[in-house]
Amino acid sequence: MADKKGHNNTPTINNRKAYHEYFIDETYEAGLVLVGTEVKSVRQGKVNISEAYCSADDRADIWVRNMHISPYEQGNRYNAEPLRDRKLLLKKAEINKLLKKVGEKGYTIIPLKIYFVRGYAKMLIGLARGKKLWDKRDAIAAKDTERRRQQEMSERY
């Protein structure tokens, strides 16, 4: 099931909307605190992080808010609340650096990806700045021209 590097064939949950809405300046890998049957639901890929965001509380802990993990079908009463806040595990220096940057205007922390490493749930979070409408249009135009160029190259050969 798992190879020697600790990777297994569980799905990786990506936040594709984040790359369209934000410029990602830095990324950090954080542990994700899950309870009960949430791990089984994440392994099945029943997670939605497109509307999720991260914020800090007064004790300098970083939490993921608005992340939906569907209840596990065989979990009955042991299922946790689908939209509850979940804690992220980061080093103190990383937390301080993130909080300092978020204090500046225009920066936020968003989840980019959820995956498993050696049986532990990990979340890739990004320090992001919001894109303006014209930035989004430029990105879409660049993707279209690249797609057309690839199509012409494949037709040529």
Requested in this report: Quick one: what are the phi-derived ³J(HN,Hα) couplings along the range 26-34, Karplus 6.51/-1.76/1.60 with θ = phi - 60°, whole Hz, x for glycine and proline?
Outcome: 9, 10, 9, 9, 10, x, 10, 8, 10
**Report entry** Radius of gyration and Dmax over the Cα atoms of the range 1-90, both given in Å
**Finding:** 14.4, 41
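As a footprinting exposure proxy, order 41, 154, 50 by other Cβ within 10 Å, with the fewest listed first. Don't skip to the end; give the middle numbers.
Details: 41 22, 154 8, 50 17.
By the 10 Å Cβ count, ascending: 154, 50, 41.
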Query - Test item: Cα-centred dipole of the range 1-124, Lys/Arg +1 and Asp/Glu -1 on Cβ, debye - result: 340 debye
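Shape call for the chain from the C-alpha gyration tensor, a ≥ b ≥ c root eigenvalues: rounded (a/c under 1.5), prolate (a/b greater than b/c) or oblate?
Details: a/c = 1.99, a/b = 1.28, b/c = 1.56.
Judged from the Cα gyration tensor, the chain comes out oblate (a/c at least 1.5, b/c at or above a/b).
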Query raised in the report: For labels at residue 131 and residue 148 in the simple 7 Å Cα→Cβ model, what's the distance in nm?
Result: 1.9 nm
Requested in this report: Quick one: which residues, 5+ away or cross-chain, put their amide H under 5 Å from the amide H of residue 22? H built at 1.01 Å from N.
Outcome: 131
Query raised in the report: In terms of the Cα gyration tensor, with a ≥ b ≥ c the square roots of its eigenvalues, is the range 69-157 rounded because a/c is under 1.5, prolate because a/b exceeds b/c, or oblate?
Result: oblate
Query - Spacing of the two label points (7 Å from each Cα toward its C-beta) at residue 91 and residue 66, in nm - result: 3.1 nm
Query - Rounded to whole Hz, the Karplus (6.51, -1.76, 1.60) HN-Hα couplings of the range 116-122, x for glycine and proline - result: 10, 10, 6, x, 9, 6, 10
Requested in this report: Be a star and scan the range 42-69 for residues whose amide nitrogen sits under 11 Å from the point 7 Å along the Cα-to-Cβ vector of residue 33.
Outcome: 61-64
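By the gyration tensor of its Cα atoms, with a ≥ b ≥ c the square roots of the eigenvalues, what is the shape of the range 85-137: rounded for a/c under 1.5, prolate for a/b over b/c, or oblate?
Working: a/c = 3.21, a/b = 1.44, b/c = 2.23.
Since a/c reaches 1.5 but b/c is at least a/b, the shape of the range 85-137 is classed as oblate.
Every number here is computed from the coordinates shown, using simple stated rules; none is lab data. All values reported here derive from a predicted model rather than from experimental measurement. Quick reminder, even Gly has a Cβ in these numbers, built from the backbone with ideal geometry, and neighbours come from all protein chains shown.
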